[in-house]
Amino acid sequence: FGHDFKRIGHAANVARYAEQIVKEEQGNPAVVLCAAYLHDIGMHEAERKYGTGSARHHEEEGPVIAREILTRLGAKEKIVDEVCDIIGRHHHPGNEETVNFKVVYDADRIVNLEEDYKGRQVEKDGVSMIIDKAFLTETGRRVAREALLGEKP
């Protein structure tokens, strides 16, 4: 992300929530944290190529960049493959997803909602409905309620 501190901060926040969620959901922290930090890595390339960083375009561009980074760092191929799969569709869950995908998806949803509501009054019923319907893990729902609605467990 170079000097794009907004995107660096976004990725760090997603990783922070993902780390919290993965512990309880018993996923693979190596996969989850790599995917969380790199989930939007295709954003700049998508903006350069298509003039937009839309979900579709940065999901297309991200896996190639992530694979290059992780391979250069010596990550195991199995981890690289799963991380790239998550990055390539992290906004578009299918009917059956791995725990690792669900954790990254939920963590990204929390951060996106935080960013959407920053400086605005949170409409608690609407946010509660989003959490109930859109989140994929029980831990993600609980963490989202704590972060977005101030609910305590």
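Per the listing LEU136, LEU113, LEU70, the residue uniquely under 16 Å from ALA15 (Cα atoms) and free of Cβ contacts under 8 Å to residues at least 60 places away in the same chain is LEU113. Taking the conditions (1) touching a Pro at 6+ places or on another chain (Cβ under 7 Å); (2) among the hydrophobic types (A, V, I, L, M, F, W, C); (3) under 19 Å from ASP40 (Cα atoms) in turn, LEU136 satisfies each one other than (3). Looking across segment 76-129, the residues that are small (Gly, Ala, Ser) and farther than 19 Å from GLY42 by Cα come down to GLY94, GLY119, GLY126, SER128.
When segment 24-39 is filtered for residues that are open to solvent by 20 Å² or more (accessible area, probe 1.4 Å) and out of contact with any Ser or Thr (no Cβ under 8 Å at 6 or more places or on another chain), the ones remaining, listed by number, are GLN26, ASN28, PRO29, ALA30, LEU33, CYS34, TYR37, LEU38. Only residues that are open to solvent by 30 Å² or more (accessible area, probe 1.4 Å), among the aliphatic types (A, V, I, L, M) and touching a residue at least 12 places away in the same chain (Cβ under 8 Å) were counted in segment 1-23, giving 1. Assessment of segment 95-102 against the conditions (in a helix (DSSP H, G or I), touching a residue at least 12 places away in the same chain (Cβ under 8 Å), of a type outside the set (Val, Ile, Thr) and in contact with a Cys (Cβ under 9 Å, 6 or more places away or on another chain)) yields no matching residue. Within the option set ALA66, ALA30, ALA75, being assigned to a loop (DSSP other than H, G, I, E, B), more than 18 Å from ASN112 (Cβ to Cβ) and among the hydrophobic types (A, V, I, L, M, F, W, C) holds for one residue only, ALA75. All of (1) modelled with pLDDT under 95; (2) part of a loop (DSSP other than H, G, I, E, B); (3) among the aliphatic types (A, V, I, L, M) hold for LEU136 with one exception: (1). When segment 103-129 is limited to residues that are of a type in the set (Lys, Arg) and open to solvent by 90 Å² or more (accessible area, probe 1.4 Å), the one that is nearest to ILE86 (Cα to Cα) turns out to be LYS118. Output yes when any residue across segment 51-62 is in contact (Cβ under 8 Å) with a residue 40 or more places away in the chain and outside any loop (DSSP other than H, G, I, E, B), and no when none is. No.
When segment 83-98 is filtered for residues that are surrounded by 18 or more Cβ atoms within 10 Å (Cβ to Cβ), under 14 Å from ALA18 (Cβ atoms) and modelled with pLDDT of 95 or more, the ones remaining, listed by number, are VAL83, ILE86, ILE87.
Of all the criteria given as (1) touching a Lys or Arg at 6+ places or on another chain (Cβ under 7 Å); (2) part of a helix (DSSP H, G or I); (3) touching a residue at least 24 places away in the same chain (Cβ under 8 Å); (4) among the aliphatic types (A, V, I, L, M), the one not satisfied by VAL83 is (1).
The values are calculated or read from the model by the stated rules, or taken from the named source; none is laboratory data. Everything numeric here is computed off the predicted structure, so don't read it as measured data. Backbone-built Cβ (ideal geometry, glycine too); neighbour counts: all protein chains shown. These accessible areas exclude ligands, DNA and RNA; they are computed on the full protein's heavy atoms, side chains included. Shrake-Rupley method; radii C 1.70, N 1.55, O 1.52, S 1.80 Å.
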